[in-house]
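See below for the structure under consideration.
Every number in this text was worked out from the coordinates using simple rules, so none of it is lab data. Since the model is a prediction, treat every value here as computed from it, not as a measurement. Ideal geometry is used to build each Cβ from the backbone, glycine not excepted, and the neighbour counts take in all protein chains shown.
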């Protein structure tokens with residue numbers, strides 16, 4: 001196994017940063033719609049949604065191949081190259097179809113690199129080092145999304161085509177990956193040895209990723225409507241609330257390595273409880289201040305949830321299945337985000353409640369129920385084991 005020094009850790013963490021790149025184009029969508037005024041707006045939205053559709057299958061594939069069939073470094077370099085090429089290419093194109101093709105290439109690269117950072121941390125590190133890096137990686141995904149959207153917004157305001165140049169950041173990641181990305185020992189299958197099964201608990205944690213994303217996404221999708229139609233503020237205020245949610249996730253992820261040794265296996269219960277409480281505050285809050293508070297609390301929970309699930313997954317997943325499990329978990333989150341509008345429609349249809357915020361109330365109940373379930377399930381965990389795992 002290669003050395004795991006500072007530069008190796010920075011190389012691993014660069015994978016988390018570029019994984020946030022899907023958000024780059026969002027601030028420029030209206031400007032792109034004006035540029036391609038002869039194209040229906042719903043078709044223009046494919047610029048944002050196509051990478052997500054590509055992400056799902058290729059994150060699963062990359063996770064399954066990493067460290068067994070193909071080296072982590074090889075996959076990381078291929079994914080990063082596709083990320084950069086697919087991201088920058090629309091700057092050179094004027095044809096809308098060519099832009100969509102480039103977005104497909106970008107989405108494939110995004111899907112390939114996204115599971116690799118978490119899988120490498122779970123394969124290469126243990127204990128506090130694992131918790132610290134997983135927390136910082138999660139923070140970089142949140143922080144990267146903020147940075148990408150801020151820079152993209154500034155560039156798009158000057159000239160919409162400049163937004164594609166944000167993908168030049170991937171060149172720095174390429175250098176780090178090429179020079180310093182560590183490679184775990186290859187998982188070699190012995191002739192005649194049965195295939196290593198994925199533990200049932202791993203599938204449970206993948207389901208947690210899917211369910212948690214499905215439960216909190218209605219808050220992201222309806223916040224603007226809640227603020228504006230409720231007479232609480234403007235779309236700008238809604239954007240600030242969502243920024244507070246993301247910022248809360250960044251901060252809690254950053255300190256996860258300090259929180260995990262204290263909370264142990266209850267880290268996930270704490271994260272889910274904070275998400276539930278935050279969403280309840282948002283639902284019952286009748287002022288902009290309460291929405292700010294609820295978003296901050298939910299954001300803190302969101303930032304803890306990702307590294308907490310990854311840590312628990314890494315505890316029970318054999319090395320041979322870690323990559324595949326992480327890939328499935330990342331794909332599950334994207335799939336849940338894609339399906340969330342249909343989930344919201346189903347909730348309203350089943351309940352007969354058409355209130356905009358009702359799915360947020362359902363989400364709050366769901367998170368509290370999940371928090372209680374995992375608290376009870378881990379109640380009898382040995383104290384020594386909890387400390388060691390954290």
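In the elastic network of the chain, a GNM with C-alpha springs shorter than 10 Å, the most mobile of 229, 263, 52 is 229. Relative contact order of the stretch 58-121, taken over Cα pairs closer than 8 Å and 6 or more residues apart, is 50 percent.
Taking other Cβ within 10 Å of each residue's Cβ, how do 246, 35 sort, fewest first?
Least crowded to most crowded, the residues run 35, 246.
The ranking of 348, 265 by Cβ neighbour count inside 10 Å, starting from the fewest, reads 348, 265. For the pair residue 34 and residue 101, a Förster radius of 25 Å applied to the C-beta separation gives a FRET efficiency near 0.70, rounded to the nearest 0.05.
When the helix-only estimate is applied to the chain (DSSP H runs of n ≥ 4, each -39,500 (n - 2.57), divided by the residue count), what is the mean residue ellipticity at 222 nm, nearest 500 deg cm²/dmol?
Result for the chain: -26000 deg cm²/dmol, rounded to the nearest 500.
Residue 375 to residue 128: FRET efficiency via 1/(1 + (r/R0)^6), r the Cβ-Cβ distance, R0 25 Å, to the nearest 0.05? In this case the efficiency is close to 0.65. Estimated at 0.36 nm per residue, the fully extended path between residue 348 and residue 71 surpasses their Cα-Cα distance by 95.1 nm.
Distance between the pseudo-spin-label points of residue 356 and residue 41 (7 Å out from Cα toward the beta carbon): 1.6 nm. With neighbour counts taken as other beta-carbon atoms within 10 Å, the residues 180, 379 rank, fewest first, as 379, 180. Relative contact order of the chain, taken over Cα pairs closer than 8 Å and 6 or more residues apart, is 25 percent.
A Förster radius of 22 Å combined with the Cβ-Cβ distance from residue 251 to residue 293 puts the calculated FRET efficiency at roughly 0.90.
Can you tell me, using C-alpha contacts under 8 Å and at least 6 residues apart, the relative contact order of the stretch 6-180 as a whole percent?
Relative contact order comes out at 41 percent.
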